[in-house]
1. Order these peptides, 198-207, 72-81, by their mean beta-carbon neighbour count within 10 angstrom, highest first.
2. What is the extension gain from Thr231 to Trp21, computed as 0.36 nm multiplied by their sequence separation minus the C-alpha to C-alpha distance, in nm to one decimal?
3. Report the calculated FRET efficiency for Asn28 and Ala87 (r = Cβ-Cβ distance, R0 = 22 Å), to the nearest 0.05.
4. About its Cα centre, how strong a charge dipole does the stretch 89-224 have in debye, to the nearest 20, once Lys and Arg get +1 and Asp and Glu get -1 at the Cβ?
5. Relative to 2.2 N^0.38 Å, what does the C-alpha radius of gyration of the chain come to as a ratio? Two decimals please.
6. Report the far tail of the P(r) of the stretch 111-220, meaning the percent of Cα-Cα pairs longer than 22 Å.
7. Could you size up the charge dipole of the chain around its Cα centre, putting +1 on the beta carbon of Lys and Arg and -1 on that of Asp and Glu, and report it in debye to the nearest 20?
8. Calculate the dipole size of the stretch 1-101 relative to its Cα centre from +1 charges on Lys and Arg beta carbons and -1 charges on Asp and Glu beta carbons; express the result in debye to the nearest 20.
Amino acid sequence: GGSGPGATMYNNTEEYNGSGWVTSGDLNTTREGLHGAGTITAGVVAGGFIEPSTYSDAAEEYDGSTWTSVTVAPYPVSNATGFGTQAAAVFAGGDPGSKTTSLEYSSPGSWTAGGALTTGRAQSGGAGTLVAGAIFGGTPLVVVTEEYNGTAWTAGGDLPAGVQFQGGAGIQTAALSFGGMSAPTTITTATNKYDGTSWTTAPALGTAQARSQGSGTQTAALMTGGDYPHTTPVNTTQEFNISTNV
């Protein structure tokens, strides 16, 4: 999914094997601003935005080749943050209105209300599982990290600076936040890593990107597509690797 020049929306799916991209089955509902969780053979996406003015509640599951529509989300939302697995996912925040709500999803197509965020936000980074997750940054330039235990959100360590539209990867105690926007039209190369308590600086992106998708772990992460400069779509993929810690 996603959007390109002139608000063109896409239903394309592409899979990555560590070196190149190949196309796969199309989404059933074409949209941008959707959020997802899971793996390449067991994923789930929900919500999104349909140009010019419609928020979506559509939800779909992926088996590695085909998308199947499942029970729609309880409310339409775009630019929420997703993490977890297809069988146990969390979707938190989002637009309209920088929501404080969160939803829990279990396959196939079961939705329940989750705990409320302390700080409403959209376009955030996320990492972890349903019982040990985290959400960080977001609009409007949030520094706050919140951690989720499957029931409630509690405060974690603050990011060094506010950021929105960034990528996220990893788990609650070993997460990454990379790229995004550090001001309404400023795209950053900043990367920060989280140990479950505090954030520290990590090597910067090679090229600044925002509105990108993040995946992987703190030691092997992926950042895909997005914008650079502001509002100009790119097809860049960047990999982050840590082979040795001294």
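The values are calculated or read from the model by the stated rules, or taken from the named source; none is laboratory data. Quick caveat, the model's predicted, so the values are computed rather than measured. Cβ placement follows ideal geometry from the backbone for every residue including glycine, while neighbour counts extend to all protein chains displayed. When the accessible area is computed, the model is the full protein with side chains, heavy atoms only, and any ligands, DNA or RNA have been set aside. Shrake-Rupley method; radii C 1.70, N 1.55, O 1.52, S 1.80 Å.
1. On the way: 198-207: 14.5, 72-81: 21.2.
The most tightly packed comes first, giving 72-81, 198-207.
2. Length difference between fully extended and current span is 73.3 nm.
3. On the way: r = 20 Å, r/R0 = 0.93.
Step by step, r from the Cβ atoms, then E = 0.60.
4. Details: 4 positive and 6 negative charges, 46 e Å.
Dipole magnitude for the stretch 89-224 comes out near 220 debye.
5. Working: Rg = 16.2 Å, N = 246, 2.2 N^0.38 = 17.8 Å.
Normalised Cα radius of gyration, the chain: 0.91.
6. Numbers: 1331 of 5995 pairs.
Counting pairs separated by more than 22 Å, the tail of P(r) holds 22 percent.
7. For the chain, the charge dipole is close to 400 debye.
8. That gives the stretch 1-101 a dipole magnitude of about 240 debye.
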